[in-house]
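Take a look at the structure set out below.
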Amino acid sequence: MAPIITIRGLTKRYASGFQALNGVDLDIERGEIFALLGPNGAGKTSLINIVCGVARRTAGEVRVGRFDIVKDYRASRAMIGLVPQELATDAFESVLATVRFSRGLFGRAPDPALIEQILRQLSLWEKRNAHIRTLSGGMKRRVMIAKALSHEPQVLFLDEPTAGVDVELRRDMWTMVRGLRAQGVTIILTTHYIEEAEEMADRIGVIRRGELILVEEKEALMRRFGRKRLAVTLKAPIGRAPAALEPFGAELSADGRTLSCALDGEPSGADAGGLVAALAGLGLPIVDVETRESTLEDIFVRLVHDGDETARDETARERAR
């Protein structure tokens, strides 16, 4: 099946000379949840705005379904729902009226039952007659999502959808996104809450300084870049990490009480059994043992702050196997 979004050589250079995107290639598959991660200024919003027709590309090609976003603007834009970072709504309009109006903007016939279904799904039905200016920030964010869904798009872009939203509403939105995916809607998500991507995404893309440095299925990414370590808390401090633990990349805490050793084959391919045997042979009094695994946030920080060489080196090693 062909991707629902195809991006080739996408470049964006602003009048100031700032290069926001530099030759991005990306395919988004139908029905997936794709998380695009990157630090502020990495190019996430520029990419979304170009695909959604909000900004113009400098070079490259973007297709949504079979439609070019420039040559077939109306058809491609009708396939997309966009929830931007900014809360841009008519403050003096009611919730129901603004969502109905958004549907009409795309030339869709009135469908009261569908609008009611969307509002109920987002816990907005009881607020349908309330003016938007009276709503909390989290409820306004839900209105933005309702507007984006009103014309029944096949693709939904969520640009920082839970910014300023409390934990309960955030989890409600996660449930809603999974429900949309189950209905066949493709979701593209950007977020600073890395746990959202870890919780929901099928694939992860990492963008840095306008370049897409990595795109991979989440589980494969966690296996390839993740690290598992054993943290051993000692009864009494020691002066340095024992030489017997060097093959396990042992690190000693500043207070001399905690030894951290690799369990995932770093750096010499030693296994957990060998590590346990080495620790037992040392005869050190142990108070506690804890295993620690990398989160997606740990991996993201490594990729972004260690530079794109990390990703390229890992990819090269993977291909060489």
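Per-residue Karplus couplings for the stretch 80-86, computed as 6.51 cos²θ - 1.76 cosθ + 1.60 with θ equal to phi - 60°, are listed in order as 10, x, 10, 10, x, 5, 6 Hz, Gly and Pro entered as x.
With all pairs of different C-alpha atoms in the average, the Kirkwood value for the hydrodynamic radius of the chain is 22.3 Å. When the chymotrypsin sites (Phe, Trp or Tyr not before Pro) in the stretch 32-133 are filtered for DSSP coil states and for at most 16 other beta-carbon atoms within 10 Å of their beta-carbon, the remaining sites are Phe92, Phe106. Comparing Gly60, Gly249, Gly205 in a Gaussian network model of the chain, where Cα atoms under 10 Å apart are tied by springs, the biggest mean-square fluctuation is seen for Gly249.
Extension gain, Ser16 to Trp174, is 53.1 nm, computed as 0.36 nm per intervening residue step minus the present C-alpha separation.
Here the contact order of the chain, divided by its residue count and restricted to Cα pairs under 8 Å and six or more residues apart, works out to 18 percent.
Quick one: grab the alpha carbon gyration tensor of the stretch 77-134, order the square roots of its eigenvalues as a ≥ b ≥ c, and give me rounded if a/c is under 1.5, else prolate or oblate depending on whether a/b is larger than b/c. Note, shape of the stretch 77-134 comes out oblate. Can you tell me how the stretch 227-293 classifies by the Cα gyration tensor, rounded, prolate or oblate, using a/c under 1.5 as the rounded cut? In terms of gyration-tensor shape, prolate.
Rule-based calculations on the coordinates, nothing more; no lab input. This structure is a prediction, so every number in the text was calculated from the model and none was measured. Counting neighbours? That spans all protein chains shown, and the Cβs are built from the backbone with ideal geometry, glycine included.
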